[in-house]
Amino acid sequence: MAKSQIYFAVGTLALLFISSVFADDDVVVLTNDNFEKEVGQDRGALVEFYAPWCGHCKKLAPEYEKLGASFKKAKWIVMSIKTFAANMMFLDTPQSSGFQRDPWSPRSARTADALAEFVNTEGGTNVKIAAAPSNVVILSPDNFEDVVMDKSKDVLVEFYAPWCGHCKSLAPIYEKVANAYKSEEDVVIANLDADKHRDLAEKYGISGFPTLKFFPKNNKDGEDYEGGRDLDDFVSFINEKCGTSRDSKGQLTSKAGVVASLESLVKEFVSATNDEKKAVFNRLEEEVGKLEGSAARYGKIYTKAAKSCMEKGADFATKEIQRLERLLSKSISSSKSDEFTLKKNILSTFSA
């Protein structure tokens, strides 16, 4: 088989770094049901067998993230992870009777760059590891006060040490948390090298790594974060504490933009006759004027939606929702996606 036709899997019976054609993330979970379909066809595969409890596997995880992100667009390249052990295997061809043993010696560097060099050599590719920009704000004594003590921001801070294994395991998850909230101006995901800046860490009682503290707008003394350390745990915490409505991929949920205090007025508006709608609209407009922060921004969408319903008829909301759904199905920027999702969510309250 020609090298140009080889594909690679850095992967578990289940994690698979795969082209975005097949999945939204760089990592896809393989199972007994889909392993042969994804791996055992007309392409070779580079597979990492790992165990969730394995320290070496955890250390490799962030390097794997870089590798998957860099190779996901390369033709014939797939990367997966198979939950079993912590060694690498290379499947030369789909017709091979089994996996070859680990192509790296125990002393080989298992960095993203080293892995990429191997994949490029065996697969005939020429992919470089992309230096992905980070959305985690790096803190130091120079900017800690300005960032963390800003009363207009809700700030989650990870106090870490570069040599800490648990910190290294948390790093790729924490980066995903930052990515999920990068569009939220009032939410900051930050970290501080507490080993390097010990005086600052001691000020906040940091004695172990990683330690996470939440500094909300109304409490700059800081609160201990005691939740789970999976991505979904962080997302649930931030949504609850900050009033945001994001999912783990950073997309707005169906609750985003919906203002509970306007719910009864919207229902009254929808059920009112055409002659009565104007009076209800005036009351809605008055309530919107009392809103603050992001709710005030959402309130403007409510009044615009109500005005359009009066001018364009009762079916305006339904038709506009359908138009927005078509737009959302296309490839659009994250800012446009947020804009259209907010409008759709609010219009949904008028179409009930």
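The values are calculated or read from the model by the stated rules, or taken from the named source; none is laboratory data. Source: prediction; values computed, not measured. Here the Cβ positions follow ideal geometry from the backbone for every residue, glycine too, while neighbour counts run over all protein chains shown. Ligands, DNA and RNA are excluded from the accessible area calculation, which covers all protein heavy atoms including side chains. Shrake-Rupley method; radii C 1.70, N 1.55, O 1.52, S 1.80 Å.
If you scan the stretch 211-238, which residues turn out to be more than 23 Å from LEU200 (Cβ to Cβ), outside any helix (DSSP H, G or I) and open to solvent by 50 Å² or more (accessible area, probe 1.4 Å)?
Correct list: ASP230 only.
Given LEU328, LEU324, LEU291, which one is surrounded by 12 or more Cβ atoms within 10 Å (Cβ to Cβ), among the aliphatic types (A, V, I, L, M) and in contact with a Gly (Cβ under 7 Å, 6 or more places away or on another chain)?
None of the other options fit; the residue is LEU291.
Considering only residues of the stretch 254-271 that are without any contact (Cβ under 8 Å) to a residue 40 or more places away in the chain and surrounded by fewer than 15 Cβ atoms within 10 Å (Cβ to Cβ), which is nearest to the chain's Cα centre (by Cα)?
Filtering the stretch 254-271 for residues that are without any contact (Cβ under 8 Å) to a residue 40 or more places away in the chain and surrounded by fewer than 15 Cβ atoms within 10 Å (Cβ to Cβ), the one nearest to the chain's Cα centre (by Cα) comes out as ALA260.
Would you mind finding the one in GLU175, GLU185 that is open to solvent by 40 Å² or more (accessible area, probe 1.4 Å), assigned to a helix (DSSP H, G or I) and not hydroxyl-bearing (Ser, Thr, Tyr)?
GLU175
So which residues in the stretch 230-253 are touching a strand residue (DSSP E or B) at 6+ places or on another chain (Cβ under 8 Å) and among the charged types (D, E, K, R), if there are any at all?
Correct list: LYS241, ARG246.
Just a yes or no: is a residue in the stretch 138-148 in contact with a Ser or Thr (Cβ under 8 Å, 6 or more places away or on another chain), in a loop (DSSP other than H, G, I, E, B) and polar (S, T, N, Q)?
No: zero hits.
Is there a residue in the stretch 131-143 that is open to solvent by less than 40 Å² (accessible area, probe 1.4 Å), of a type in the set (S, T, N, Q), within 21 Å of the chain's Cα centre (by Cα) and more than 30 Å from GLU117 (Cα to Cα)?
no
For the stretch 113-130, how many residues meet the condition of being in a helix (DSSP H, G or I) and surrounded by 13 or more Cβ atoms within 10 Å (Cβ to Cβ)?
So the answer is 10.
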